[in-house]
Structures are given as structure tokens and as C-alpha cells.
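Take a look at the structure below.
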Amino acid sequence: VQLQASGGGVVQAGGSLRLSCVASGNVVSITLMGWYRQSPGKERELVASITARGATNYGDSAKGRFTISRDNYKTTVYLQMNSLEPEDTAVYYCNFRDYYSQAYWGRGTLVTVSS
């Protein structure tokens, strides 16, 4: 499975961005899709995840501001980010996991929030 993330960019505080991650390859066994982020000097952290059945989970920093969604074919996952803050500045990575717990990572897309 190959993942291609897009949608990052520069936005002012309070603004919004929508990230997309498109998967190619065999996604039949994919059970979990999500977004992580990593800021300089910090560990990679979970932003949000969604199961193949649509159950969602959010990291504390994303609750109430971000929304994760996916298409019905498990080929694309989205992250709608609203009310962005400078602290949200990071490289955002999409992550897919399959039934065998194999993890797949995209290259990441940079989000920069200016104050």
C-alpha cells in the first residue's frame, strides 16, 4: 500500500485546511486509517484515526476542532482542520494499518500556522 498525502500549506491562526491521503495498492485488508503529526523536537503523535467501520478517535489536541473522514472504499482519508493554532504547525503523516497490524506511512505534508 502506498500513501500520498496532500493539502498542507501556510494558513493564519483561526483558519482551516483540509488534508487528503490517497492510497494505492491492495487496501482490502486495511482496518484503520489515521493522521499523525510531528513538530520539531517532539515525538510523533496521533491526531485522529478512523476504522473501516467508521469509528473515530481523536487526540486531545484535535478534539472539537478537527474531523477525520474517509471514503467508502478505504482509498482516501481526510482531515478537516478548523480553528488552527500556531501549535498545530507540524508535518502531518497519514497512516494505514491492515488486519495483520502492518503499518503504512505517507511522506507527510507540512502545515504551518502563522500567528
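The phi torsions of the range 66-72, fed into the Karplus equation with coefficients 6.51, -1.76 and 1.60 and a -60° offset, translate into couplings of 10, 9, 9, 8, 8, 7, 7 Hz, rounded to whole numbers, with Gly and Pro shown as x. Enclosing the Cα atoms of the range 1-56 in their convex hull gives a volume equal to 116 cubic angstrom per residue. Can you give me the Cα centroid spacing of the range 1-55 and the range 75-115 in angstrom? Distance between centres, Cα-based: 3 Å.
The orientation-averaged projection of the convex hull spanning the C-alpha atoms of the chain amounts to 6.5 square nanometres. In the elastic network of the chain, a GNM with C-alpha springs shorter than 10 Å, the most mobile of GLY15, GLY41, GLY59 is GLY41.
Bear in mind that the values in this text are calculations on the coordinates, not laboratory data. Computed from a predicted model, the values in this text were never measured in an experiment.
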